[in-house]
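These notes are about the structure you will find just below.
The values are calculated or read from the model by the stated rules, or taken from the named source; none is laboratory data. Model, not experiment: these values are computed from the prediction. Cβ sites come from the backbone with ideal geometry, for glycine too, and all protein chains shown count toward neighbours. All accessible areas refer to the heavy atoms of the entire protein, side chains included, with ligands and DNA or RNA removed. Shrake-Rupley method; radii C 1.70, N 1.55, O 1.52, S 1.80 Å.
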Amino acid sequence: PGIQEEIYRKDDRLLTLLKDVYVESKDPPVRVKDGGDEHLPSKQEEKRLTKLGHLGDLDVQKVSKGKISIVEALTLLNNHKLHPHIWTAEKIAVEYSLELKEVNSLLEFFIPFTVQEFPKETKKAI
C-alpha cells in the first residue's frame with residue numbers, strides 16, 4: 001500500500017521541471033535525385049496473349065509470361081487428361097511459357113472434375 005501511494009502521489013517539483021522541457025524535432029531535408037536514373041530502361045513485365053478458344057469472353061486477354069489464366073489452366077488440364085501422349089508437360093510448358101517444374105506440379109496436384117451421368121434405369125434405384 002505504501003508503494004501504491006508513492007506511485008500516485010503528485011510531485012510539484014517534478015511537474016515544474018517537466019513543464020520547462022521543450023523538444024523540437026525536424027525531419028532531415030529530402031534529397032532530390034538528379035534524374036540520372038531516368039535514362040535507364042524500366043523493367044516491364046513481358047505479357048502474352050492468352051489462348052482461350054471458345055471461352056475467350058470469360059477470361060482476361062493478356063497475362064504475364066510464366067503465368068496462366070483460369071480458363072487456360074482448365075483447358076490445359078483437360079487437354080492433358082484427354083490426350084496425355086500429345087499434351088505432355090514439356091509441350092504445355094513451351095505452349096504457355098511456363099517452367100517445366102511448375103507444369104509437372106500442376107499436372108500432379110490439380111485434376112479436373114468429370115461429370116458422370118447415370119443411366120436412366122438406375123435412377124429409380126437411387
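Which residue out of E45, E38 is assigned to a helix (DSSP H, G or I), open to solvent by 100 Å² or more (accessible area, probe 1.4 Å), closer than 30 Å to K65 by Cα and modelled with pLDDT under 85? So that I can check it myself, show each step before the final result.
Details: E45 fails: assigned to a helix (DSSP H, G or I).
Just one listed residue meets the conditions, E38.
The residues of the range 78-102 that are open to solvent by less than 50 Å² (accessible area, probe 1.4 Å) and over 19 Å from T114 (Cβ atoms), listed by number, are T88, A89, I92, A93, Y96, S97, L98.
Can you find a residue in the range 15-24 that is modelled with pLDDT under 85 and assigned to a helix (DSSP H, G or I)? No, the range 15-24 has no match at all.
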